[in-house]
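Novice: This is the structure, below, for whatever I ask next.
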Amino acid sequence: MNKYVLFTLVLSALVSIESCRRRPMSRSTGSGSAPPTPLPSADSSVAVRPTPQRPADSTTTSRPTRPGIEEARTNVAEIDFRYLTAKSKISFKSPEQDIDNANINLRVRKDSLIWLSVSKLGIEAVRGLITRDSITIIDKIHKEYTVYDFPTLSKQFNFNMNFELLQALIVGNLPLPKRPAQKIKNERDYLLLRQSEGKVLVENYIGEQDRKLKKLMVTEQPTKNTLRLDYEDFSSLNNFLFPYTSLVTLDYKSKTDGQFYQTLLRIKHSKVELVDKSPGFPFTIPANYQRRP
């Protein structure tokens with residue numbers, strides 16, 4: 001997997017790579033940019049919306065029910081919200097980079113916008129905005145910006161990349177919608193739900209008791225490149241269970257020398273809020289900034 005995988009599957013990893021590809025990022029303890037004045041919102045109240053169960057068919061032969069599996073098939077506990085804000089620390093380690101505890105501010109408007117700001121030494125270094133159509137990253141250190149689109153990224157990875165996928169990964173929801181033909185089985189302390197999209201296999205490990213997504217394995221079939229996402233430190237957030245720590249392990253084969261390498265990313269949230277009013281999504285590209293191809 002190349003930079004596009006981190007870019008699309010893990011939002012924070014993308015920002016780290018783009019800001020550090022040409023020169024290393026200094027270790028940071030500073031805070032992000034000050035938030036703008038909140039704007040009013042008329043969105044509806046939050047709620048968990050489980051998939052409705054199908055009525056039993058009396059004409060078919062009944063199958064023995066395995067505890068927890070039928071329940072997980074029809075109702076995986078997911079987070080619903082209007083707006084989400086988070087203040088977090090990210091650590092990133094690859095063959096080229098070693099970043100420890102950089103600051104990142106994150107804001108999400110459900111099904112619409114993902115905004116982020118990364119700071120170092122108290123100065124904002126990177127700002128990003130993801131819409132349903134595009135991904136734009138501003139590198140304030142080098143006065144450059146880059147624009148990506150989902151169709152190009154999807155073609156690059158042979159996988160359907162979209163806004164919904166990124167949003168699901170941030171909050172710990174299933175990355176792909178469930179389909180009737182998918183199978184769920186017991187796997188030690190988890191319920192394992194396998195999904196596929198193109199040439200990519202997605203394995204979701206769901207907690208048997210709380211029905212939360214605990215671990216995610218993404219495998220690109222042609223290359224066997226893998227991305228593992230472990231959710232940890234679940235805590236109550238507005239009556240939901242939210243993972244305050246995410247650990248990403250990326251194992252990939254380099255197209256340059258054919259060797260396998262590993263990249264590690266750790267995201268630890270210090271504060272997360274689900275709010276009803278918009279926190280604001282300020283995003284402007286200065287006229288003197290150059291666009292990178």
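The values are calculated or read from the model by the stated rules, or taken from the named source; none is laboratory data. Keep in mind it's a predicted model, so treat the numbers as computed, not measured. Note that each Cβ is placed from the backbone with ideal geometry, even for glycine, and that neighbours are counted across all protein chains shown. Note: accessible area is taken over every heavy atom of the protein model, side chains too, but ligands, DNA and RNA are not part of it. Shrake-Rupley method; radii C 1.70, N 1.55, O 1.52, S 1.80 Å.
Novice: Of the conditions (1) among the aliphatic types (A, V, I, L, M); (2) within 23 Å of Leu241 (Cβ to Cβ); (3) in contact with a strand residue (DSSP E or B) (Cβ under 6 Å, 6 or more places away or on another chain); (4) modelled with pLDDT of 85 or more, Ile184 satisfies every one except a single condition; which number is it?
Specialist: Checking Ile184 against (1) among the aliphatic types (A, V, I, L, M); (2) within 23 Å of Leu241 (Cβ to Cβ); (3) in contact with a strand residue (DSSP E or B) (Cβ under 6 Å, 6 or more places away or on another chain); (4) modelled with pLDDT of 85 or more, the one that fails is (4).
Novice: Assess whether Thr136 counts as being in contact (Cβ under 8 Å) with a residue 60 or more places away in the chain and either polar (S, T, N, Q) or surrounded by 19 or more Cβ atoms within 10 Å (Cβ to Cβ) (or both).
Specialist: Considered against the rule, which asks whether it is in contact (Cβ under 8 Å) with a residue 60 or more places away in the chain and either polar (S, T, N, Q) or surrounded by 19 or more Cβ atoms within 10 Å (Cβ to Cβ) (or both), Thr136 comes out as yes.
Novice: Any residue that is at positive phi, touching a residue at least 12 places away in the same chain (Cβ under 8 Å), touching a helix residue (DSSP H, G or I) at 6+ places or on another chain (Cβ under 7 Å) and not acidic (Asp, Glu) - is there at least one of those in region 245-263?
Specialist: Initial filter on region 245-263 (at positive phi): 258.
Checking the rest, the ones that are also touching a residue at least 12 places away in the same chain (Cβ under 8 Å) come to none.
Within region 245-263, not a single residue is at positive phi, touching a residue at least 12 places away in the same chain (Cβ under 8 Å), touching a helix residue (DSSP H, G or I) at 6+ places or on another chain (Cβ under 7 Å) and not acidic (Asp, Glu).
Novice: Report every pair of residues separated by at least 6 positions or lying on different chains whose Cβ atoms are under 7 Å apart, first residue within region 231-242 and under 12 Å from Lys212 (Cα atoms), second not in a strand (DSSP E or B).
Specialist: Once the first residue is under 12 Å from Lys212 (Cα atoms) and sits in region 231-242, its partners that are not in a strand (DSSP E or B) give Tyr231/Gly172; Phe234/Lys212; Phe240/Ile79; Leu241/Ala77; Leu241/Asp210; Leu241/Lys212; Phe242/Ile79; Phe242/Gly172.
Novice: Does any residue of region 127-134 turn out to be among the small types (Gly, Ala, Ser), modelled with pLDDT under 85 and at negative phi?
Specialist: Scanning region 127-134 turns up no residue that is among the small types (Gly, Ala, Ser), modelled with pLDDT under 85 and at negative phi.
Novice: Out of the residues in region 86-103 that are open to solvent by less than 70 Å² (accessible area, probe 1.4 Å) and touching a Leu at 6+ places or on another chain (Cβ under 6 Å), which is nearest to Pro282 (Cα to Cα)?
Specialist: My answer is Ala86.
Novice: Being out of contact with any helix residue (DSSP H, G or I) (no Cβ under 7 Å at 6 or more places or on another chain) and within 21 Å of Arg109 (Cβ to Cβ) is the filter here, so list the residues in region 134-144 that pass it.
Specialist: If the condition is that a residue be out of contact with any helix residue (DSSP H, G or I) (no Cβ under 7 Å at 6 or more places or on another chain) and within 21 Å of Arg109 (Cβ to Cβ), then Ser134, Ile135, Thr136, Ile138 are the ones that fit.
Novice: Related question: Please tell me if Leu201 is open to solvent by less than 40 Å² (accessible area, probe 1.4 Å) and modelled with pLDDT of 85 or more.
Specialist: Working: open to solvent by less than 40 Å² (accessible area, probe 1.4 Å): no; modelled with pLDDT of 85 or more: yes.
In short, no.
Novice: Please go through region 221-232 and give me each residue that is open to solvent by 20 Å² or more (accessible area, probe 1.4 Å) and over 16 Å from the mean Cα position of the chain (by Cα), ordered by number.
Specialist: To start, the set of residues in region 221-232 that are open to solvent by 20 Å² or more (accessible area, probe 1.4 Å) comprises 221-224, 226, 228, 230, 232.
Once the filter is applied, which keeps residues that are open to solvent by 20 Å² or more (accessible area, probe 1.4 Å) and over 16 Å from the mean Cα position of the chain (by Cα), region 221-232 yields Gln221, Pro222, Thr223, Lys224.
Novice: If Thr256 passes every condition in (1) open to solvent by 50 Å² or more (accessible area, probe 1.4 Å); (2) of a type in the set (Ser, Thr, Tyr); (3) in a strand (DSSP E or B) but one, which one does it miss?
Specialist: (3)
Novice: For region 114-133, give me each residue that is within 19 Å of Asn173 (Cα to Cα) and open to solvent by 30 Å² or more (accessible area, probe 1.4 Å).
Specialist: The answer is Thr131, Arg132.
Novice: Considering each residue of region 282-293, count those that are open to solvent by 40 Å² or more (accessible area, probe 1.4 Å) and in contact (Cβ under 8 Å) with a residue 60 or more places away in the chain, and give that number. It would help to see each step written out before you state the result.
Specialist: Of the residues in region 282-293, the ones open to solvent by 40 Å² or more (accessible area, probe 1.4 Å) are 282-288, 290-293.
Those left that are additionally in contact (Cβ under 8 Å) with a residue 60 or more places away in the chain: 282-283, 285-286, 288, 290-292.
Selection size over region 282-293: 8.
Novice: Looking at Leu193 and the list (1) hydrophobic (A, V, I, L, M, F, W, C); (2) touching a residue at least 60 places away in the same chain (Cβ under 8 Å); (3) under 28 Å from His142 (Cβ atoms), which single condition is not satisfied?
Specialist: (3)
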